[in-house]
Amino acid sequence: MKNKSLKQPIIGTSAWSTKEPNILSEESLLIIKTTLEKEGSLIIEHWHYHGSRAPDLLIFDDYEDFLEYIYDNAIAGDIIDTWAMHKLCKNDNKLVSGKCPNEDDLTPESGSY
């Protein structure tokens, strides 16, 4: 997939350069691949060039799936922010946690999870 290029934006008057980070650089892709292999899931926030729509938030477990998403859904100029999910999502920083109730609005007191 390395030789594949991203779709080009329909609009855009920005100056383009090599100064800004490139999500498809060898360095960036190595960090992403290594994180997926050694740490697990990757959270990405996909910001669309010129604010063409709200950002997409996704989780990937597989490097090839990540690349396929980028080449199929991103255009040149989009920003892809990434985080290692298991470094961020810990038991001590959960916003809310709860069990799903049955039809009587009851939840199990125990169970294997």
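Below, the figures for the structure above:
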{"quantity": "Yes/no for ASN91 being loosely packed, with under 10 Cβ neighbours inside 10 Å, in contact with a Ser or Thr (Cβ under 9 Å, 6 or more places away or on another chain) and polar (S, T, N, Q)", "calculated": "yes"}
{"quantity": "The lone exception for SER17 - which of (1) farther than 30 Å from TYR113 by Cα; (2) of a type in the set (Ser, Thr, Tyr); (3) surrounded by 10 or more Cβ atoms within 10 Å (Cβ to Cβ) it fails", "calculated": "(3)"}
{"quantity": "Looking only at the range 46-73, and only at residues there that are touching a Phe, Trp or Tyr at 6+ places or on another chain (Cβ under 8 Å) and surrounded by fewer than 16 Cβ atoms within 10 Å (Cβ to Cβ), the one that is farthest from MET85 (Cα to Cα)", "calculated": "PRO55"}
{"quantity": "Top-ranked residue of the range 45-76 - restricted to ones that are part of a loop (DSSP other than H, G, I, E, B) and touching a residue at least 40 places away in the same chain (Cβ under 8 Å), ranked as farthest from the chain's Cα centre (by Cα)", "calculated": "ALA76"}
{"quantity": "Single residue of the range 26-44 satisfying the filter (β-branched (Val, Ile, Thr) and outside any helix (DSSP H, G or I)) that is farthest from GLN8 (Cα to Cα)", "calculated": "ILE43"}
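Yes/no matrix, rows are residues, columns are (1) out of contact with any strand residue (DSSP E or B) (no Cβ under 7 Å at 6 or more places or on another chain); (2) of a type in the set (Val, Ile, Thr):
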site: LYS7; (1), (2): no, no
site: ASN22; (1), (2): yes, no
site: GLU26; (1), (2): yes, no
site: ILE32; (1), (2): no, yes
site: LEU42; (1), (2): no, no
site: TRP47; (1), (2): no, no
site: GLY51; (1), (2): yes, no
site: ILE75; (1), (2): no, yes
site: ASP78; (1), (2): no, no
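Every number in this text was worked out from the coordinates using simple rules, so none of it is lab data. Here the structure is a predicted model, which means the values were calculated and not measured. So basically every Cβ, Gly included, is an ideal-geometry build from the backbone, and we count neighbours across all protein chains shown.
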